[in-house]
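Each reported figure results from applying straightforward, stated rules to the coordinates on display, with no laboratory input. This is a predicted model, so every value here is computed, not measured. Counting neighbours? That spans all protein chains shown, and the Cβs are built from the backbone with ideal geometry, glycine included.
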Amino acid sequence: MLKEPKSMKELRYHTFRDIGDGEARVWVFKRTCSECKKALMSKPRNKKGKTKVRSKIYVCPECEHSIPKKEYEADLVANVKYTCPECKHKGEIQVPFKRKKIKGIKTLRIKCEKCDSNIDITKKLKQPKKKKK
Ligand SMILES: [Zn+2]
Ligand SMILES: [Zn+2]
């Protein structure tokens, strides 16, 4: 059984997607600080409390230990609960959270453990903002 998040604050990434006749839910936990093991590491915040999304580091709010973004993101684990669009099998798996470009879109590809078909969970595309007239 996969560990379910208690709150969204624990998560680095979360999505729920319809895929054909199936669906997939993906969640990725934030990493616990390797130094103090007391807190979850996240991107630093500015003085107003807003996350600096472009920051190249992740910091621990307890001990201020920081690691580069690349290192932090290199071994995140994706928890996936899915209903296979092909065979309707309901499965749960853990895979490295690494998205590959498939047809130009960053995609997390998993395989149904029953029928072996690919289940592609694409990165949500940002809706283009409507231009003000
Ligand atoms: Zn720490
Ligand atoms: Zn299947």
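Taking amide H positions as placed 1.01 Å from N in the peptide plane, with prolines and chain starts having none, which residues 5 or more places from ARG45, or on another chain, fall under 5 Å of its amide H?
HN-HN under 5 Å from ARG45: LYS52.
Of LYS52/LYS90; LYS81/LYS101; LYS48/LYS101, which pairs sit farther than 26 Å apart, going by alpha carbon to alpha carbon? Please list the in-between numbers first.
On the way: LYS52/LYS90 37 Å; LYS81/LYS101 21 Å; LYS48/LYS101 35 Å.
In this structure, LYS52/LYS90; LYS48/LYS101 lie more than 26 Å apart at Cα.
Rounded to whole Hz and in sequence order, give me ³J(HN,Hα) for the range 6-20 from the Karplus expression 6.51 cos²θ - 1.76 cosθ + 1.60, θ = phi - 60°, writing x for Gly and Pro.
7, 8, 4, 5, 7, 9, 8, 7, 8, 8, 9, 9, 7, 10, x
Helix-derived [θ] at 222 nm for the chain: sum -39500 (n - 2.57) over DSSP H runs of at least 4, divide by residue count, nearest 500?
Result for the chain: -1000 deg cm²/dmol, rounded to the nearest 500.
Measure off 7 Å from each Cα along the Cα-to-Cβ vector at SER7 and LYS56, then give the distance between these two points in nanometres to one decimal.
Taking the simple label geometry, SER7 and LYS56 are separated by 3.2 nm.
Kirkwood hydrodynamic radius of the range 8-122 from all distinct Cα pairs, in Å?
Every distinct Cα pair counted, the radius reaches 15.6 Å.
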